[in-house]
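The values are calculated or read from the model by the stated rules, or taken from the named source; none is laboratory data. All values reported here derive from a predicted model rather than from experimental measurement. Here the Cβ positions follow ideal geometry from the backbone for every residue, glycine too, while neighbour counts run over all protein chains shown. For accessibility, only protein heavy atoms count, side chains too; no ligands or nucleic acids. Shrake-Rupley method; radii C 1.70, N 1.55, O 1.52, S 1.80 Å.
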Amino acid sequence: MTIQDIHNRFIEELQNLYDSTEIQAIFRYYIEIRLNIIDSYLFNDDKLDFEIKGFDSDLNQLKEGKPIQQIVGRAFFYDYFFRVNEYTLIPRPETEELIYLISEQYNKELELNVIDLGTGSGCIPITIKKIFPRANVSAIDISNEALAVAKQNSEELNAPVNFIQQDLLLEFDLNQKFDIIVSNPPYIRELEKADMHKNVLNYEPHLALFVTNEDPLLFYRRVAEFGLSHLNTGGKIFCEINQYLGKETKEMFQQFYKNVILHQDISGNDRIIEVYN
Ligand SMILES: C[S@@+](CC[C@H](N)C(=O)[O-])C[C@H]1O[C@@H](n2cnc3c(N)ncnc32)[C@H](O)[C@@H]1O
């Protein structure tokens, strides 16, 4: 099968499900991961003949709406490919913006103490360790399955992180203080489900996504409280937030901290909150 054949099959089979831009993006992702090819000049080379094990099964899963990242088992985030599976959220571009904000504010040589609350694939702490090689980085998640993936990513990307299995909503002992507390916790309200794509709803872990309509800021309150006892002097909290709850999230943090700054993402939505005393 040539790359052109693969391309034609993607268009034939997926055109009723995705628009042409999405099909191109999925196709490129597929070729990059499965065949390790990123040079588009090779796409028309009809002498390159491949046999991709499981090609039909991959295509069927795409037709059922499974995200390409879960089919190939990898998601691109910041500068790296991270392993993902059904227990880990697929890292999102908005979360890269959280990393950019942090990386702009600190000298790369600093020995920062950093903790990520709700780590999933480990994309946040691992990327931070890559940017700040001298940092001591820890990360918490409730899910053992997610932590297994995060640990594998940490090893494969050669970025040591101290992973801790812990329910953030319970009281716990952590005898350490941090310069940066970062978190992208679950923040989608049940009422927002109606507007979500079925490939997110059907395939991504609900534990990573949802909070109740009644208490959508639950995790942020916990992060705020954790910061009161675990931030070093001059330390900061950075969180990704629900774009529809910017004002409410800001007011909640203002009950505990003097400085609360809302940042907008590339699409102009309230997306990141920066908090310090
Ligand atoms: C929105 S995902 C973020 C994952 C990753 N940090 C990212 O940005 O892609 C939230 C994470 O919080 C974890 N989580 C949910 N409830 C938790 C709890 N009570 N305690 C600790 N972690 C929790 C989920 O397992 C999930 O990995």
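The rule of thumb for compact globular proteins, 2.2 N^0.38 Å, goes into the C-alpha radius of gyration of the stretch 85-276 0.96 times. Once the 1.4 Å probe is applied to the protein heavy atoms, the chain comes out at 50 Å² accessible per residue. One quarter of the surface of the convex hull around the alpha-carbon atoms of the stretch 83-139 equals 3.8 nm², the direction-averaged projected area. Across the cross-link table entries K108/K236; K236/K258; K129/K236; K130/K151; K66/K198; K129/K250, which are compared at the Cα atoms, the separations over 20 Å belong to K129/K250. At q = 0.11, 0.22 Å⁻¹, what is the log10 ratio I(q)/I(0) for the stretch 1-116, with the Debye formula run over Cα points and no solvent? Rounded to two decimals, the profile gives -0.47, -1.32.
Treating each Cα of the stretch 132-172 as one equal point scatterer and applying the Debye formula with no solvent, the log10 of I(q)/I(0) at q = 0.26, 0.31 Å⁻¹ comes out as -0.90, -1.07.
Computed extension gain for L17 through S103, at 0.36 nm per residue and net of the alpha carbon distance, reaches 27.2 nm. Estimated from helices alone, the mean residue ellipticity of the chain at 222 nm is -11500 deg cm²/dmol (sum of -39500 (n - 2.57) over DSSP H runs with n ≥ 4, per residue). I'd like the carbon and sulfur percentage of the solvent accessible area for the chain, probe radius 1.4 Å, heavy atoms only, ligands and nucleic acids excluded. Summing carbon and sulfur atoms, their accessible area is 46 percent of the total for the chain. A DSSP coil position with no more than 11 other Cβ atoms inside 10 Å describes the following chymotrypsin sites (Phe, Trp or Tyr not before Pro) in the stretch 86-173: F172. Here the Debye sum runs over all C-alpha atoms of the stretch 3-64 as equal scatterers in vacuum, and log10 of I(q)/I(0) at q = 0.25 Å⁻¹ comes out as -1.20.
Using only side-chain charges placed at the Cβ, +1 for Lys and Arg and -1 for Asp and Glu, the dipole size of the stretch 3-64 relative to its Cα centre rounds to 120 debye.
Computed from point charges on the beta carbon alone (+1 for Lys and Arg, -1 for Asp and Glu), the dipole magnitude for the chain about its Cα centre is near 600 Debye. The charge dipole of the stretch 209-277, taken about its Cα centre with unit charges on the Cβ atoms of Lys, Arg (+1), Asp and Glu (-1) only, comes to about 220 debye. One decimal place: the segment M1-N36 gains 11.1 nm when fully extended, by the rule 0.36 nm per residue minus the C-alpha distance.
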